[in-house]
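Presented below is the structure to which this report refers.
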Amino acid sequence: MRLSAPIGFSLSEQAAFLQAHREFYERLDSLLDEKPDIPAATFLEPLGRWNALINAVSTYVSGAELDRVSSRDFLRYDDSGVNWRVVEGYGTVIATHGRDLPVVLGSPVHLIDHSVPKKTQAALGLPLGLADKLFLSLSHAEEFDEEIRLFGRTDHSETGVYHFRPFGRSHIEAYFGGRLASELEARDDVGFVDFAVGELVALLGSNFARRVKPLKLKRWGADPFSRGSYSYALPGKADCRAELAAPVDNRLFFAGEACSRSDYSTAHGAYLSGVAAAEAVIASQKTRR
């Protein structure tokens, strides 16, 4: 969850923001295991100049603002520093990796037995945050360097981040998280486009609106099979991940990114939890035999 230098404001401002971001993590790292779990927002500098932008970054990485995020869960995240981007998309990676498996699709669940109260409570402690993406085409893209990022605003947490020319393509990848994403999802798709264009015009001038057109939008909260992007733990609920992952009577097994203690909110966390659950199933079958 560490952040590389943002583009879009002066070098001195970049340095000041990155320093404030590092200091936030240093204060967060001071939380001891024996201390009560508290909201991550507690570790922001009082009235800090960069608090809003640090909070905005939280909505991209956690899907929620720091006042809703468990400090202990935040600290447990294991950032390897390796974050591969895939030209074809993660969906293609997953489909290709599992192409030889007997996967059954088109079988939605219509009824869930809620008679396992510990699981219900664990799930309530791990709500799904929101982090939505909008892709815009960009004319005369060569005027911008590849792989640069602009924050819509630096003084407000409800702002987007705009990735110009990802993989050298003539696109802008716009990212919205937390309460902002929820508010935009309550409107139609035009709401995302209007918000993004409004922020970009404020940064790059009124003529910039003519240079972009919407290509693709993913609203995870509106997806009936997800209802959110990825999990975060509420303050005091970091241990809910272990409870959610625990099998029931050695017959019912659970997997998914929310079950991962240190790799939650990631595709590899979901995958590794699935491998662990499959191995537990195999071990239980051997025990029965």
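The values are calculated or read from the model by the stated rules, or taken from the named source; none is laboratory data. Remember, predicted model here, so these are calculated numbers, not experimental data. Positions of Cβ are backbone-derived with ideal geometry, glycine not excepted, and every protein chain shown enters the neighbour counts. Only protein heavy atoms, including side chains, enter the accessible area calculation; ligands, DNA and RNA are left aside. Shrake-Rupley method; radii C 1.70, N 1.55, O 1.52, S 1.80 Å.
Note down all Cβ pairs under 6 Å where the first residue falls in the stretch 27-50 and is within 20 Å of Lys237 (Cα to Cα), the second is open to solvent by 70 Å² or more (accessible area, probe 1.4 Å) and acidic (Asp, Glu), and they're at least six residues apart or on different chains.
Listed by first residue and then by second, the contacts come to Pro39/Asp67; Ala41/Asp67.
Look through Asp100, Asp67, Asp132 and report the one residue that is open to solvent by less than 60 Å² (accessible area, probe 1.4 Å) and of a type in the set (Asp, Glu). Steps first, please.
Working: Asp100 fails: open to solvent by less than 60 Å² (accessible area, probe 1.4 Å); Asp67 fails: open to solvent by less than 60 Å² (accessible area, probe 1.4 Å).
Of Asp100, Asp67, Asp132, the one residue that is open to solvent by less than 60 Å² (accessible area, probe 1.4 Å) and of a type in the set (Asp, Glu) is Asp132.
Report yes if some residue within the stretch 50-58 is in contact with a Cys (Cβ under 8 Å, 6 or more places away or on another chain) and either modelled with pLDDT under 90 or within 26 Å of Ala181 (Cα to Cα) (or both); otherwise report no. Reasoning before the result, please.
Step one: of the stretch 50-58, the residues in contact with a Cys (Cβ under 8 Å, 6 or more places away or on another chain) are none.
No, the stretch 50-58 contains no residue that is in contact with a Cys (Cβ under 8 Å, 6 or more places away or on another chain) and either modelled with pLDDT under 90 or within 26 Å of Ala181 (Cα to Cα) (or both).
In the stretch 264-278, how many residues are closer than 19 Å to Leu124 by Cα and within 13 Å of the chain's Cα centre (by Cα)? Before you say what the answer is, go through the steps one by one.
Restricting attention to the stretch 264-278, the residues satisfying the condition of being closer than 19 Å to Leu124 by Cα are 264-265, 270.
Filter once more, keeping what is within 13 Å of the chain's Cα centre (by Cα): 264-265.
Total satisfying the criteria: 2.
Has the stretch 139-157 got any residue that is modelled with pLDDT of 95 or more, in contact with a helix residue (DSSP H, G or I) (Cβ under 6 Å, 6 or more places away or on another chain) and more than 17 Å from Asn55 (Cβ to Cβ)?
yes
Please list, ordered by residue number, the strands (runs of 3 or more DSSP E) wholly in the stretch 158-265 having 3 or more residues that are of a type in the set (A, V, I, L, M, F, W, C) and touching a Lys or Arg at 6+ places or on another chain (Cβ under 9 Å).
Numbers: elements: 161-164, 171-177, 212-218.
Result: 171-177.
Criterion first (within 16 Å of the chain's Cα centre (by Cα) and surrounded by 10 or more Cβ atoms within 10 Å (Cβ to Cβ)) does Arg76 satisfy it?
In short, yes.
Filter the stretch 209-245 down to the residues that are hydrophobic (A, V, I, L, M, F, W, C), modelled with pLDDT of 95 or more and loosely packed, with under 15 Cβ neighbours inside 10 Å and list them by number.
Those that are hydrophobic (A, V, I, L, M, F, W, C), modelled with pLDDT of 95 or more and loosely packed, with under 15 Cβ neighbours inside 10 Å: Ala209, Leu215, Ala242.
Assuming Leu105 fulfils every condition listed in (1) aliphatic (A, V, I, L, M); (2) in contact with a helix residue (DSSP H, G or I) (Cβ under 8 Å, 6 or more places away or on another chain); (3) within 30 Å of Arg251 (Cβ to Cβ) apart from one, which condition is it?
In the conditions (1) aliphatic (A, V, I, L, M); (2) in contact with a helix residue (DSSP H, G or I) (Cβ under 8 Å, 6 or more places away or on another chain); (3) within 30 Å of Arg251 (Cβ to Cβ), Leu105 misses (2) alone.
In the stretch 146-174, what count of residues is obtained for those that are under 19 Å from Arg211 (Cβ atoms), among the small types (Gly, Ala, Ser) and surrounded by 19 or more Cβ atoms within 10 Å (Cβ to Cβ)?
So the count comes out to 3.
For the stretch 135-145, name all the residues that are open to solvent by less than 40 Å² (accessible area, probe 1.4 Å) and either among the polar types (S, T, N, Q) or touching a Pro at 6+ places or on another chain (Cβ under 9 Å) (or both). Steps first, please.
Narrowing the stretch 135-145 to residues open to solvent by less than 40 Å² (accessible area, probe 1.4 Å): 136-138, 141, 144.
Leu136, Ser137 - these are the residues of the stretch 135-145 that are open to solvent by less than 40 Å² (accessible area, probe 1.4 Å) and either among the polar types (S, T, N, Q) or touching a Pro at 6+ places or on another chain (Cβ under 9 Å) (or both).
Any chance the stretch 70-84 includes a residue that's under 19 Å from Trp220 (Cα atoms), touching a strand residue (DSSP E or B) at 6+ places or on another chain (Cβ under 8 Å) and of a type outside the set (Phe, Trp, Tyr)?
no
Considering only the stretch 277-289, I want to know if a residue exists there that is of a type in the set (Lys, Arg), in contact with a helix residue (DSSP H, G or I) (Cβ under 8 Å, 6 or more places away or on another chain) and open to solvent by 40 Å² or more (accessible area, probe 1.4 Å).
No, the stretch 277-289 contains no residue that is of a type in the set (Lys, Arg), in contact with a helix residue (DSSP H, G or I) (Cβ under 8 Å, 6 or more places away or on another chain) and open to solvent by 40 Å² or more (accessible area, probe 1.4 Å).
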